[in-house]
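Asker: Here's a structure for you.
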Amino acid sequence: MEITLKVNRREVSADVEPRTLLVHLLRERLRLTGTHVGCETGYCGACTVHVNGTAVKSCTMLAVQADGADITTIEGLASNGDLHPVQEGFWERHGLQCGYCTPGMIMSAVALLDANSNPSEDEIRHGLEGNLCRCTGYHNIVRAVEYAGAKMRGEEPPPPDWEVSA
């Protein structure tokens with residue numbers, strides 16, 4: 001089947017089999033390998049992308065279902081060489097370790113902040129529930145999202161935990 005979609009602000013056409021998953025179209029055909037394949041069951045969140053502005057686990061969506069859609073992957077977040085505030089937050093607050101879950105975690109965090117620009121710690125943790133990280137205790141990931149939320153609201157981000165005096 002011939003499909004046309006917009007991926008990271010660029011129109012793309014592809015001939016795909018009806019059974020092709022969106023994650024495989026992105027990684028194998030379009031070479032956007034920042035979207036990771038983890039569990040292929042929708043459990044881990046490593047493959048999260050935005051489809052028409054909504055966070056979607058791309059291993060649970062057929063490429064043909066994305067026909068006509070606007071897709072954003074981790075590669076499409078930065079703009080003019082500047083990191084997205086969530087990407088910056090993960091860097092500044094050490095929200096990553098091995099990095100495997102990071103693209104999906106960032107994409108979910110962006111969707112969370114788009115829906116709620118000032119989430120509480122509990123709301124951040126709930127918003128990231130569908131993304132698994134085997135390396136961290138999520139503490140720095142939450143701090144990274146708090147950092148990004150502040151930046152997106154035009155506020156000074158909170159100081160890192162290691163700079164806060166007891």
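Asker: In contact with a Phe, Trp or Tyr (Cβ under 6 Å, 6 or more places away or on another chain) and not aliphatic (A, V, I, L, M): does that describe Pro157?
Answerer: Numbers: in contact with a Phe, Trp or Tyr (Cβ under 6 Å, 6 or more places away or on another chain): yes; not aliphatic (A, V, I, L, M): yes.
It is true that Pro157 is in contact with a Phe, Trp or Tyr (Cβ under 6 Å, 6 or more places away or on another chain) and not aliphatic (A, V, I, L, M).
Asker: When you scan the stretch 1-108 for strands (runs of 3 or more DSSP E) that lie fully inside it, which ones turn up with 1 or more residues that are crowded, with 21+ Cβ neighbours inside 10 Å? First the steps, then the outcome.
Answerer: Details: elements: 2-7, 10-15, 48-51, 54-57, 70-72.
Because the criterion is at least 1 residues that are crowded, with 21+ Cβ neighbours inside 10 Å, the strands (runs of 3 or more DSSP E) in the stretch 1-108 that meet it are 2-7, 48-51, 54-57, 70-72.
Asker: Moving to a separate point now. Taking the options Gly130, Gly89, name whichever one is touching a residue at least 12 places away in the same chain (Cβ under 8 Å), in contact with a helix residue (DSSP H, G or I) (Cβ under 8 Å, 6 or more places away or on another chain) and more than 30 Å from Thr4 (Cβ to Cβ). Before the answer, list the steps.
Answerer: Working: Gly130 fails: more than 30 Å from Thr4 (Cβ to Cβ).
Step by step, each of Gly130, Gly89 is checked, and only Gly89 is touching a residue at least 12 places away in the same chain (Cβ under 8 Å), in contact with a helix residue (DSSP H, G or I) (Cβ under 8 Å, 6 or more places away or on another chain) and more than 30 Å from Thr4 (Cβ to Cβ).
The rows are residues; the columns are (1) out of contact with any Leu (no Cβ under 7 Å at 6 or more places or on another chain); (2) of a type in the set (A, V, I, L, M, F, W, C).
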| residue | (1), (2) |
| --- | --- |
| Ala14 | no, yes |
| Thr72 | yes, no |
| Gly81 | yes, no |
| Leu113 | yes, yes |
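Asker: Got a sec? Which of Glu121, Glu146, Glu129 is of a type in the set (Asp, Glu), loosely packed, with under 13 Cβ neighbours inside 10 Å and under 16 Å from Asp161 (Cα atoms)? Full working, then the answer.
Answerer: Values: Glu146 fails: loosely packed, with under 13 Cβ neighbours inside 10 Å; Glu129 fails: under 16 Å from Asp161 (Cα atoms).
Just a single option satisfies the conditions, and that option is Glu121.
Asker: Give Ala46, Ala55, Ala78 a once-over and let me know the one that is free of Cβ contacts under 8 Å to residues at least 24 places away in the same chain and under 14 Å from the mean Cα position of the chain (by Cα).
Answerer: Values: Ala46 fails: free of Cβ contacts under 8 Å to residues at least 24 places away in the same chain; Ala55 fails: free of Cβ contacts under 8 Å to residues at least 24 places away in the same chain.
Step by step, each of Ala46, Ala55, Ala78 is checked, and only Ala78 is free of Cβ contacts under 8 Å to residues at least 24 places away in the same chain and under 14 Å from the mean Cα position of the chain (by Cα).
Asker: If you don't mind, another one. Go through the stretch 118-136 and give me each residue that's of a type in the set (S, T, N, Q) and closer than 16 Å to Ala55 by Cβ.
Answerer: Taking the stretch 118-136 first, the residues of a type in the set (S, T, N, Q) are 118, 120, 131, 136.
Asn131 - this is the single residue of the stretch 118-136 that is of a type in the set (S, T, N, Q) and closer than 16 Å to Ala55 by Cβ.
Asker: Of a type outside the set (S, T, N, Q), over 29 Å from Pro158 (Cα atoms) and at pLDDT 95 or above: is that true of Ala66 in this structure?
Answerer: Details: of a type outside the set (S, T, N, Q): yes; over 29 Å from Pro158 (Cα atoms): yes; at pLDDT 95 or above: yes.
Considered against the rule, which asks whether it is of a type outside the set (S, T, N, Q), over 29 Å from Pro158 (Cα atoms) and at pLDDT 95 or above, Ala66 comes out as yes.
Asker: As an exercise: evaluate Ala66 against (1) touching a strand residue (DSSP E or B) at 6+ places or on another chain (Cβ under 9 Å); (2) of a type in the set (A, V, I, L, M); (3) within 25 Å of Gly149 (Cα to Cα) and give the number of the one condition it does not meet.
Answerer: (3)
Asker: Sticking with this structure for a sec: Of all residues in the stretch 109-144, which are out of contact with any Asp or Glu (no Cβ under 9 Å at 6 or more places or on another chain) and assigned to a helix (DSSP H, G or I)?
Answerer: Ala109, Val110, Ala111, Leu113, Asp114, Ala115, Asp122, Glu123, Arg125, His126, Gly127, Ile141
The values are calculated or read from the model by the stated rules, or taken from the named source; none is laboratory data. Just so it is clear, the model here is predicted, and its values are computed rather than measured. Cβ: placed from backbone, ideal geometry, glycine included. Neighbour counts: every protein chain shown.
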